[in-house]
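A.B. asks: The structure is given below, and queries will be raised subsequently.
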Amino acid sequence: MSDALPDVTDLGHGIGVIPLPLPFRSPSFVNAYVVQGDDRTVLIDCGVDTDAGRTRLIEGLSILGGDPVHIDTLIVSHLHPDHVGMAPRLTSEFGWTLLMHRRAGTLWERYNDTAGLETRTRHLAQRHGVPSPMIDPISSLGGRPSYMPMLHAPDVLVGDGDHIELGGGRTLEVLHTPGHEQAHICLRDSLTGILFSGDHVLPRITPVIMFDEQVDDVLGDYLTSLNRLIALDIGLTYPAHGHIVERGTARCEQIVLHHDRRLSGMLDIVRLGPRTAWTVMEEAYRPHLTPLEQRLALRETVSHLEHLRFDAQVGRFEENGVLWYRT
Ligand SMILES: [Zn+2]
């Protein structure tokens, strides 16, 4: 993904996009979308909390011919800091209502619990065979980043199939698409049929599907959510990162294929003999990952191995507190 921040653009039909800078190399920006109906205007996603992000957002709104007072609701696609990070600042500064999927009604507390995430990651690393000297670098987060201040409970919770009314008959239909994150939603615009896909469907990169201790088969949830969009035959898709996807269904099919390949690659590795998730990760991913990349890759490896186990393609046994997978 290129480092240059794309322009603020009026996409027509009352939709504008404001790419906001992120303090990461990839993805380097997040797309905030403004959607205007006859009665109200909403913003979808808001980026991390930085002065640069706030300045760009206000600038972007003015380029699109609006300002913060025209917006009444901030809809957030899911509970990751590059989407919800600036929500506390914006909702308190401008009085916007924060709307999310109902699972965020409890998960926001977990989002605030940085120490808890560290503890869970350490436990996961120990259980899945990470060598002792690697456990600290993989699980320590070095404190809570300033770009993700503490969140409050969302003001409005929605469920799958709900319609967010924008006036004049225009609605955004909520599609609950768990996988990348439990509370993830996509939104379908009744006026244009365009899908705001959050991180569920992205161009060029695939969202990381990380093992989640609260979910039995997180990859299964993700694939089910993708197949649902394929069945809906989605077309024009506006993602949270990168550029517009013309054929949403085709992109969903590519992502399903990507995971099929990764699953069969990991199955082949486990067929060679019992493996921990750590050793599968070392064999399945490119070498020389940073500790952060290792943390993500380990969680993604576990989500794939657990999916294979859920599918009865691999088994699991425990030895001295460490989990091993075998066929
Ligand atoms: Zn994201």
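Every number here is computed from the coordinates shown, using simple stated rules; none is lab data. Please read these numbers as outputs of a predicted model, since none were measured by experiment. Ideal geometry is used to build each Cβ from the backbone, glycine not excepted, and the neighbour counts take in all protein chains shown.
A.B. asks: About its Cα centre, how strong a charge dipole does the stretch 9-253 have in debye, to the nearest 20, once Lys and Arg get +1 and Asp and Glu get -1 at the Cβ?
C.D. replies: Working: 18 positive and 31 negative charges, 107 e Å.
For this selection, approximately 520 debye.
A.B. asks: Can you give me the long-range amide H partners of residue 101? Hydrogens built in the peptide plane at 1.01 Å from N, cutoff under 5 Å, separation of 5 or more residues or another chain.
C.D. replies: Under 5 Å from the amide H of residue 101: 158.
A.B. asks: Still on this structure: Tell me the net charge near residue 312. Cut-off is 14 Å between Cβ atoms, residue 312 excluded, with +1 for each Lys or Arg and -1 for each Asp or Glu. Write down the numbers at each step before the final one.
C.D. replies: Details: positive: 309, 316, 326; negative: 216, 217, 306, 311.
Spelling it out: positives minus negatives among the neighbours equals -1.
A.B. asks: Please find the FRET efficiency linking residue 264 to residue 150, where r is the Cβ-Cβ separation and R0 is fixed at 45 Å, and quote it to the nearest 0.05.
C.D. replies: On the way: r = 42 Å, r/R0 = 0.93.
FRET efficiency, residue 264 to residue 150: 0.60.
A.B. asks: R0 = 41 Å: FRET efficiency of residue 271 with residue 4, Cβ-based, nearest 0.05?
C.D. replies: Details: r = 44 Å, r/R0 = 1.08.
Efficiency, from the Cβ-Cβ distance: 0.40.
A.B. asks: When the helices in the chain are scored as -39500 (n - 2.57) per DSSP H run of 4 or longer and the sum is shared across all residues, what 222 nm value do you end up with, to the nearest 500 deg cm²/dmol?
C.D. replies: Working: 10 runs with 123 residues, N = 327.
My calculation for the chain gives -12000 deg cm²/dmol from helical runs alone.
A.B. asks: Sorted from largest down, give the three principal axis spans of the alpha carbons of the stretch 18-73, whole angstrom values.
C.D. replies: Ordered largest first, the stretch 18-73 gives principal extents of 38, 16, 16 Å.
A.B. asks: ³J(HN,Hα) across the stretch 79-93 via Karplus (A = 6.51, B = -1.76, C = 1.60, θ = phi - 60°), whole Hz, x for Gly/Pro?
C.D. replies: So the Karplus estimates, Gly and Pro as x, are 8, 10, x, 6, 10, 10, x, 8, 4, x, 5, 5, 5, 7, 6 Hz.
A.B. asks: Could you work out which residue, out of 209, 75, 234, moves most in a Gaussian network model of the chain, that is, has the largest mean-square fluctuation with Cα springs under 10 Å?
C.D. replies: 234
A.B. asks: Here's a follow-up. What is the sum of charges around residue 42, taking Lys and Arg as +1, Asp and Glu as -1, for the other residues whose C-beta is under 12 Å from the C-beta of residue 42?
C.D. replies: On the way: positive: 40, 170; negative: 39, 45, 72, 165, 189.
That works out to -3.
A.B. asks: Comparing 178, 239, 287, which has the greatest mean-square fluctuation in the GNM of the chain with Cα pairs linked when under 10 Å apart?
C.D. replies: 287
A.B. asks: Average the reciprocal distances over every distinct pair of alpha-carbons in the chain, invert the result, and give the Kirkwood radius in Å.
C.D. replies: This gives a value of 20.5 Å.
A.B. asks: Just how far, in whole angstrom, is the stretch 27-86 from the stretch 241-258 if you go by their alpha carbon centroids?
C.D. replies: Centre-to-centre (Cα) distance: 23 Å.
A.B. asks: Continuing with this model, one more query. Suppose the chain between residue 55 and residue 317 were pulled fully straight at 0.36 nm per residue; how much longer would it get relative to their current alpha carbon spacing? Working shown, then result.
C.D. replies: Working: separation 262, 0.36 × 262 = 94.32 nm, distance 5.25 nm.
Here the segment from residue 55 to residue 317 would lengthen by 89.1 nm.
A.B. asks: For the pair residue 163 and residue 25, how long in nm is the line joining their label points, each one 7 Å along Cα→Cβ?
C.D. replies: Each label point lies 7 Å from its Cα, and together they span 4.7 nm.
A.B. asks: Between residue 224 and residue 135, with labels modelled 7 Å along Cα→Cβ, what's the label distance in nm to one decimal, could you check?
C.D. replies: Simple spin-label model gives 3.4 nm for this pair.
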